[in-house]
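Enquirer: Submitted below is the structure of interest, expressed as structure tokens.
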Amino acid sequence: DYHISLKLSHIFSSDDLVTKTMETICNQIRERTDGAIDIQHYPQGQLASYKEGIEQVVNGAEFISVESPSYLGDYVADFKVLSGPMLVSSFEEYEYLLETDEVKNVFQQAEKQGIKVLSLGYAYGFRNLMTNQEITKPADLKGMKIRTPGSQIYVDTINNMGAAATPLAPSEINSAIEKGVIDGLENTLDSYVTNGNYEAAKNVALTRHLLGVCGAYINIDVWNDIPEYYRNIIEEEFTRGAEEMVKEAAAAETATRERLEKEMGVSFNEIDMDAFREAVAPVYRKMEGVTPELYDTLKEKLAAMPK
């Protein structure tokens, strides 16, 4: 009888939507395969994560890494484009891109590097600008300091949008705004509420400049050694899990916005999306090794997306 025990690792905490989704997927696969495929789930970086998690996959470990596609950029540069700013402005657009031939080709390139993408559909929220004034165009950000994480993609995005990216620890954000050290932050609505930042920054510009997303990856040889019957079940559950998670994330985002507006006195405004997309375009030109026309091709695909 066939049996394999796989370890699945990511950096999300125990109450996170990604964690809950992965737990459900692992349980469903274990049940549907009568335990032949046993995936042991390790959240919050208990095992290798980030870049090291992808290395485990590439090196042939019986291991599933759940991480941002940006970490695959070390092996197939075009994954950097899928992690770039303002490529999509809705969950539906992101799901549409995953089905294009161009993105499927990127997945095929990953397999040549030893990486099987089980799903790249775990989208959990857009990042927006939170300040105390209405921001509608890049010029409105001139002279403003916006808190970002230290990751280069965040820093480059905010700088190109027109502000000065200022990395700070999350615990310092509110006091820094109150003291005038920074003028605001960028984050998902969920974190904005959880961290209490709505108390210090009362306006949200719906820039949707970066989409929080991760994928699930396994070594291609480990994958091919699993009988096809079980591979089909695994793919079905990872795909289904992504679809359900996106529905939940979209509903949560809508509910959080309503709560912020009705109960917490936060205002929301739309932006000149075309102006901001033009502003962040240089971020893509700085990406080393990517297919030059990929960004423009994906934008054309989105422009032709059925409404």
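Enquirer: Mind listing whichever residues of region 268-299 are more than 27 Å from ASP74 (Cβ to Cβ) and open to solvent by 80 Å² or more (accessible area, probe 1.4 Å)?
Expert: The answer is GLU270, ASP274, GLU278.
Enquirer: Does at least one position in region 69-77 carry a residue that is modelled with pLDDT of 95 or more and of a type in the set (S, T, N, Q)?
Expert: No: zero hits.
Enquirer: Given the conditions (1) in contact with a strand residue (DSSP E or B) (Cβ under 9 Å, 6 or more places away or on another chain); (2) assigned to a helix (DSSP H, G or I); (3) more than 21 Å from ASP190 (Cα to Cα), which single one is not true for THR19?
Expert: (3)
Enquirer: Right, something else. Could you figure out which of (1) open to solvent by 20 Å² or more (accessible area, probe 1.4 Å); (2) hydroxyl-bearing (Ser, Thr, Tyr); (3) in a strand (DSSP E or B) isn't true of TYR217?
Expert: Evaluating TYR217 over (1) open to solvent by 20 Å² or more (accessible area, probe 1.4 Å); (2) hydroxyl-bearing (Ser, Thr, Tyr); (3) in a strand (DSSP E or B) leaves (1) as the failure.
Enquirer: Does any residue of region 196-208 turn out to be in a helix (DSSP H, G or I) and open to solvent by less than 30 Å² (accessible area, probe 1.4 Å)?
Expert: yes
Enquirer: Would you mind finding the one in ASP34, ASP38 that is in contact with a His (Cβ under 8 Å, 6 or more places away or on another chain), open to solvent by 20 Å² or more (accessible area, probe 1.4 Å), modelled with pLDDT of 95 or more and of a type in the set (D, E, K, R)?
Expert: Selected residue: ASP38, the only one of ASP34, ASP38 that is in contact with a His (Cβ under 8 Å, 6 or more places away or on another chain), open to solvent by 20 Å² or more (accessible area, probe 1.4 Å), modelled with pLDDT of 95 or more and of a type in the set (D, E, K, R).
Enquirer: Here is a list of conditions, (1) in a helix (DSSP H, G or I); (2) β-branched (Val, Ile, Thr); (3) open to solvent by 60 Å² or more (accessible area, probe 1.4 Å), and VAL181 meets all of them except one; can you say which number that is?
Expert: (1)
Enquirer: Look at region 57-92 and say how many of its residues are surrounded by fewer than 17 Cβ atoms within 10 Å (Cβ to Cβ) and in a helix (DSSP H, G or I).
Expert: Total satisfying the criteria: 2.
The values are calculated or read from the model by the stated rules, or taken from the named source; none is laboratory data. Predicted model, so just to flag it, every value in this text is computed and none were measured. Cβ atoms come from the backbone with ideal geometry, glycine included; neighbour counts cover every protein chain shown. Heads up: the accessible areas ignore ligands, DNA and RNA and are worked out on the full protein's heavy atoms, side chains in. Shrake-Rupley method; radii C 1.70, N 1.55, O 1.52, S 1.80 Å.
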